[in-house]
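Undergrad: So that we are looking at the same thing, I have put the structure below in structure tokens.
The values are calculated or read from the model by the stated rules, or taken from the named source; none is laboratory data. This one's a predicted model, so the numbers in the text were calculated from it and none came from an experiment. Because the Cβ atoms are built from the backbone with ideal geometry, glycine has one as well, and the counts that use them run over all protein chains shown. Only protein heavy atoms, including side chains, enter the accessible area calculation; ligands, DNA and RNA are left aside. Shrake-Rupley method; radii C 1.70, N 1.55, O 1.52, S 1.80 Å.
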Amino acid sequence: GWQTSMKSVSLPYILPCNRLPVQLMSQVRVYTSNGQKKDLGSEDTNRSTPEETLHKVGTGRQDTANAGQKQSFLKEPIQVKVKAVLKKREYGPKYTQNNFITGVRAINEFCLKSSDLDQLRKIKRQSPHDDTETFTVYLRSDVEAKSLEVWGSPEALARERKRRKEAEIKYRENLFRNQRLLREYREFFGNTKPRSSAAAMFFKGPGKVVMVAICINGLNFFFKLLAWVYTGSASMFSEAIHSLADTCNQVSIFSIILKEFYFPKLLSLFSSRYGFTNMRYIASLISGVGIFMMGAGLSWYHGIIGLLHPHPIESLLWAYCILAGSLVSEGATLLVAINEIRRSARAKGLSFYQYVVQSRDPSTNVVLLEDAAAVLSVAVAATCMGLTSLTGNPYYDSVGSLGVGTLLGTVSAFLIYTNTEALLGRSIQPEQLQRLTELLESDPVVRAIHDVKATDMGMSKVRFKAEVDFDGRVVTRSYLEKQDIEQLLQEIQQVKTLEELEAFMLKHGENIIDTLGAEVDRLEKDLKQRNPDVRHVDLEIL
């Protein structure tokens with residue numbers, strides 16, 4: 001037989017027999033070790049089984065004691081609570097029968113029309129977007145069945161998907177041409193809003209600074225190149241190369257600003273889900289590399305050639321005049337960049353130095369540093385050319401070229417470092433991170449916050465991520481506060497079977513999960529409202 005430890009009136013008993021008396025629903029039954037059960041009210045309790053007969057022969061007196069002990073148990077049967085559990089449902093490695101998809105996705109992925117979706121079941125769900133509260137979704141199983149009904153077979157559906165994919169690729173290839181035609185179409189019908197917006201972009205903010213720098217540096221390059229051809233000065237050659245590098249780099253930055261202005265939504269749909277903010281840092285990084293390669297490299301090369309093979313320099317009068325004009329123009333551009341950075345730093349509550357070091361606006365910072373380097377390089381070149389004019393020694397002019405190259409190399413190294421750090425992702429200020437954390441922890445639905453990460457994406461855009469331990473009791477209470485308690489109590493009283501209990505729990509369990517999703521959306525919305533720099537929030541549920 002087998003032994004089972006039971007409890008009756010808070011006392012454990014050891015049953016050394018193969019029968020266990022159990023009372024369920026006022027009926028006493030005997031459960032044997034071989035899985036058979038017998039009703040004590042229908043048969044004689046003194047009747048022995050073959051196993052008991054053998055036991056009596058071998059034990060004698062002990063059998064009499066066991067029989068008496070058995071009768072005492074039968075007089076006071078033990079009550080056992082049987083745990084009823086639901087059968088575990090096997091879903092398999094891939095289960096999509098309960099998936100919801102939007103109408104746009106159903107049309108794109110399953111090649112359906114909007115009229116095909118009118119015949120399907122529509123389900124209202126909580127919207128993940130801030131501008132709408134609810135939106136309509138469809139069961140994936142219904143959409144798949146409808147697509148097979150429309151196209152006839154999975155092979156026909158696959159062919160249609162392939163055809164649409166090729167058409168989409170062709171459309172992407174002609175994307176910029178289509179955008180140009182669309183702008184011409186709007187201008188033809190007198191839509192002047194894009195023109196006014198473009199004009200505003202050219203006359204304020206980073207666009208204004210970059211445009212002024214492009215015009216001035218382009219003119220400086222032209223006149224410095226003429227002065228170098230006329231005088232043959234190595235310092236003037238370095239200045240011309242410097243202006244050319246500045247012009248090319250600022251043109252690349254301005255092209256990124258134009259892309260952000262004209263294609264912010266359409267291009268982000270195909271390329272970047274978080275926009276084109278990092279493109280400015282990429283352009284600034286390329287600018288730093290370009291300054292190093294074109295400006296510093298050629299200046300060092302020309303200076304070394306001048307030291308190894310010196311040659312007399314012609315009259316430097318025109319060179320001085322062009323350097324004076326360049327100093328005035330570069331100084332004017334530098335003042336424009338300084339004023340713009342001061343205004344932006346004041347709006348962000350930062351100092352001028354902090355704004356520049358943190359590279360908040362890479363396009364403006366590039367113009368600032370390039371113009372500052374241009375002013376200093378003009379001073380260095382003028383000084384070295386003056387020494388050459390006074391002494392007649394061409395080595396001073398070559399040394400000036402080396403000095404300009406060293407200055408450009410320093411600026412380029414700073415730009416490469418700051419923009420690389422921004423592209424790799426850097427954390428926000430500890431004070432700002434502390435404010436965001438305290439805002440979440442002060443909410444009653446949050447128990448704890450773990451693995452907090454806040455990344456500065458540049459251009460006053462922050463991405464916040466955290467793993468949140470939610471208080472299930474508070475979430476459930478929030479759900480119950482919106483329900484009719486009397487009606488809910490009636491539903492509970494009507495539950496009699498396991499099937500009814502399962503249906504009740506599934507219904508309200510799904511509603512509680514929806515309530516948890518609504519709480520997550522509320523927290524994300526609060527973070528964005530109280531901290532405008534936070535554009536993307538990812539809260540993961542523990």
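Undergrad: Examine the stretch 347-359 for a residue that is of a type in the set (V, I, T), surrounded by fewer than 17 Cβ atoms within 10 Å (Cβ to Cβ) and free of Cβ contacts under 8 Å to residues at least 24 places away in the same chain, and state whether such a residue exists.
TA: No, there is no match, as no residue in the stretch 347-359 is of a type in the set (V, I, T), surrounded by fewer than 17 Cβ atoms within 10 Å (Cβ to Cβ) and free of Cβ contacts under 8 Å to residues at least 24 places away in the same chain.
Undergrad: Looking at (1) small (G, A, S); (2) modelled with pLDDT under 80; (3) more than 44 Å from the chain's Cα centre (by Cα), find the lone condition where G205 falls short.
TA: (3)
Undergrad: Answer yes if at least one residue in the stretch 90-112 is of a type in the set (G, A, S), more than 25 Å from the chain's Cα centre (by Cα), outside the structural domain of R522 (by the TED database) and on the phi < 0 side of the Ramachandran plot, and no otherwise.
TA: No, the conditions are met nowhere in the stretch 90-112.
Undergrad: When the stretch 225-239 is examined, which residues are found to be more than 24 Å from S363 (Cβ to Cβ) and either open to solvent by 50 Å² or more (accessible area, probe 1.4 Å) or part of a helix (DSSP H, G or I) (or both)?
TA: Hits for the stretch 225-239 are L225, L226, A227, W228, V229, Y230, T231, A234, S235, M236, F237, S238.
Undergrad: Sticking with this structure for a sec: What helices (runs of 4 or more DSSP H) completely inside the stretch 405-521 contain at least 2 residues that are closer than 27 Å to N278 by Cβ and open to solvent by 70 Å² or more (accessible area, probe 1.4 Å)?
TA: Helices (runs of 4 or more DSSP H) meeting the threshold: 430-441.
Undergrad: If we scan the stretch 384-405, do we find a residue that is hydrophobic (A, V, I, L, M, F, W, C) and within 22 Å of the chain's Cα centre (by Cα)?
TA: Checking the stretch 384-405: not a single residue is hydrophobic (A, V, I, L, M, F, W, C) and within 22 Å of the chain's Cα centre (by Cα).
Undergrad: Can you tell me which residues in the stretch 281-331 are open to solvent by less than 20 Å² (accessible area, probe 1.4 Å) and of a type outside the set (G, A, S)?
TA: Y281, I291, L316, L323, E330 - these are the residues of the stretch 281-331 that are open to solvent by less than 20 Å² (accessible area, probe 1.4 Å) and of a type outside the set (G, A, S).
Undergrad: Does the stretch 383-399 hold any residues that are small (G, A, S) and surrounded by fewer than 20 Cβ atoms within 10 Å (Cβ to Cβ), and which are they?
TA: G386, S389, G392
Undergrad: Would you pick out the residues in the stretch 88-112 that are part of a loop (DSSP other than H, G, I, E, B) and among the polar types (S, T, N, Q)?
TA: Correct list: T96, Q97, N98, N99.
Here is a yes/no grid of residues against (1) open to solvent by 60 Å² or more (accessible area, probe 1.4 Å); (2) polar (S, T, N, Q); (3) not in a helix (DSSP H, G or I):
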site: K124; (1), (2), (3): yes, no, yes
site: Y138; (1), (2), (3): no, no, yes
site: V143; (1), (2), (3): no, no, no
site: K146; (1), (2), (3): no, no, no
site: A156; (1), (2), (3): no, no, no
site: R159; (1), (2), (3): yes, no, no
site: K165; (1), (2), (3): yes, no, no
